[in-house]
Amino acid sequence: MALALDILRAASDATRLRVLTLLRSMELSVGELAQVLDQSQPRVSRHVKILCDAGLAVRRKEGSWVFVALGTLAVVDPLLAALDAWMPADDAATADDRARLAAVRADRTAAAASWFEAHAGEWDAIRSLHIAEEQVEAAMIAALGSAPIALLVDIGTGTGRMLELFGPQAAQAIGIDRSSEMLRLARAKLTERGIDQAELRQADIYALPLDTAVADAAVLHHVLHFVQHPGAAIEEAARVLQPGGRLLICDFAPHEREELRQRDAHARLGFSDEQMLSWFASVGLAPVSTRTLGGGELTVKLWMARRTFDVCEVKAA
């Protein structure tokens with residue numbers, strides 16, 4: 001009874017109903033909500049707090065921004081079903097909000113395009129050193145296969161390309177990155193592609209904001225060469241995989257391009273099969289496949305492993 005009363009009280013306001021309707025379309029920052037609702041940010045923040053206190057929404061801080069998403073389905077779905085039954089399809093206020101939401105989408109796309117234009121040279125310099133990205137992605141698709149994925153986790157999501165690639169086959173997809181700027185770019189890119197169901201979270205790859213043994217698949221795409229402790233990152237990825245869950249790593253084979261350390265902040269100059277398989281074994285991951293993609297100055301490697309038993313059992317042994 002208490003939960004029902006909290007939910008009904010939180011929903012008993014026109015602005016908060018508008019917020020819930022907007023969040024059905026996509027995750028939005030408080031500033032974006034204020035823009036669509038044509039209200040001040042402090043006022044919108046108060047409404048958001050009430051929704052969050054009732055479990056109808058959740059807030060996530062990314063740098064100086066706060067993003068808002070719908071709460072858990074068990075709490076939100078009954079209310080949304082009621083709204084669908086009660087609200088006319090041609091509701092004028094909802095139509096106006098959708099029009100302003102389209103402007104938010106356009107702003108995100110424009111901001112992302114501007115950033116990519118400014119940094120295109122840096123990306124192209126790295127890509128020119130290895131096999132075409134299209135071939136790398138085709139190999140990754142072949143490795144993971146086309147079967148449905150219940151929960152996909154993209155660790156170090158960057159601009160969200162892996163969510164764009166694999167998100168459509170996942171019932172739930174979560175991208176994690178410690179950079180708030182990268183997450184804003186990813187959000188804009190995914191919005192442009194119509195992949196609004198993907199969830200983005202700001203966190204460290206050594207401390208993923210997920211429970212143990214929940215994911216069916218995890219991806220580390222060109223992430224490990226940037227981190228100081230790749231083994232620890234792999235251990236954390238293994239932790240969130242359920243038994244039988246798969247980890248797909250795409251990175252470079254060992255190389256001697258020392259300038260990448262200074263120019264592009266590469267902490268590691270590639271990884272050998274021996275290194276990778278040793279890390280897998282230490283955290284309860286069984287190797288499934290290894291693939292080498294040559295054809296450039298840098299060789300790209302794909303390593304696939306499957307979680308065989310609980311990480312805690314490995315540490316206790």
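No lab work stands behind these numbers, since they all come straight from the coordinates. Small disclaimer: the values here were computed from a predicted structure and weren't measured. Because the Cβ atoms are built from the backbone with ideal geometry, glycine has one as well, and the counts that use them run over all protein chains shown.
Can you tell me, using C-alpha contacts under 8 Å and at least 6 residues apart, the relative contact order of the range 220-317 as a whole percent? RCO, the range 220-317: 34 percent. The alpha carbon centroids of the range 18-75 and the range 244-294 are separated by 39 Å. Near A218, the amide H atoms lying under 5 Å from its own belong to V153, R246, L247, L248; only residues 5 or more places off or on other chains count, and H is placed 1.01 Å from N.
3J(HN,Hα) along the range 168-179, derived from phi through the Karplus expression 6.51 cos²θ - 1.76 cosθ + 1.60 where θ = phi - 60°, amounts to x, 9, 10, 5, 9, 10, 10, x, 10, 8, 8, 8 Hz, with x in place of Gly and Pro. Computed about the Cα centre, the dipole magnitude for the chain is approximately 540 debye when only Lys and Arg (+1) and Asp and Glu (-1) carry charge, each at its Cβ. Its residues counted as N, the range 1-99 yields a C-alpha radius of gyration over 2.2 N^0.38 Å of 1.02. Taking amide H as placed 1.01 Å from N in the peptide plane, the amide H of A57 sits under 5 Å from that of C52, G71, each at least 5 places away or on another chain. Where [x] 58, 42, 39; [y] 64, 46, 45; [z] 61, 48, 32 are the candidate values, the label of the one calculated here for Cα extents along the principal axes in Å is [z]. Calculated mean residue ellipticity at 222 nm for the chain: -15000 deg cm²/dmol, from DSSP H runs with n ≥ 4 weighted as -39500 (n - 2.57), summed, divided by the residue count and rounded to 500. Between L200 and G175, the built amide H atoms are under 5 Å apart, and every one of these is 5 or more places off in sequence or on another chain.
Relative to one another, the C-alpha centroids of the range 227-241 and the range 167-212 are positioned 18 Å apart. Each Cα pair under 8 Å and six or more residues apart adds its sequence gap; the mean of these over the residue count of the chain is a relative contact order of 13 percent. Each residue of the range 243-252 is assigned a 3J(HN,Hα), and the resulting list reads x, x, x, 10, 10, 10, 10, 10, 7, 9 Hz, derived from the Karplus form 6.51 cos²θ - 1.76 cosθ + 1.60 (θ = phi - 60°), x at Gly and Pro. Local charge for V48 was computed over the other residues whose Cβ lies under 13 Å away, with Lys and Arg +1 and Asp and Glu -1, and equals +4.
Less than 11 Å Cβ to Cβ from G167, Lys/Arg counted +1 and Asp/Glu -1: what total charge do the surrounding residues give?
-2
Only bridges with both residues in the chain count here: give the DSSP antiparallel percent, nearest 5. Percent antiparallel among DSSP bridges in the chain is about 55. Would you please state the base-10 log of I(q)/I(0) at q = 0.25 1/Å for the range 187-256, with intensities from the Debye formula using one equal scatterer on every alpha carbon? After summing over all Cα pairs, the log10 values are -1.19. Within the shell defined by Cβ-Cβ distances under 14 Å, the residues around D107 carry a net charge of +4, with Lys and Arg each +1 and Asp and Glu each -1. Report the one residue of C52, G160, A265 whose Cα lies farthest in the direction of the positive end of the charge dipole of the chain (charges on C-beta: Lys and Arg +1, Asp and Glu -1; origin at the Cα centre). The residue sitting farthest along the positive end of the dipole is C52. Projecting the Cα atoms of P88, L3, Q41 onto the charge dipole of the chain (Cβ charges, centred on the Cα centre) puts L3 farthest toward the positive pole. Computed 3J(HN,Hα) for the range 259-266, one whole-Hz value per residue from the Karplus formula 6.51 cos²θ - 1.76 cosθ + 1.60 where θ = phi - 60°, is 5, 5, 5, 7, 6, 10, 6, 6, glycine and proline marked x.
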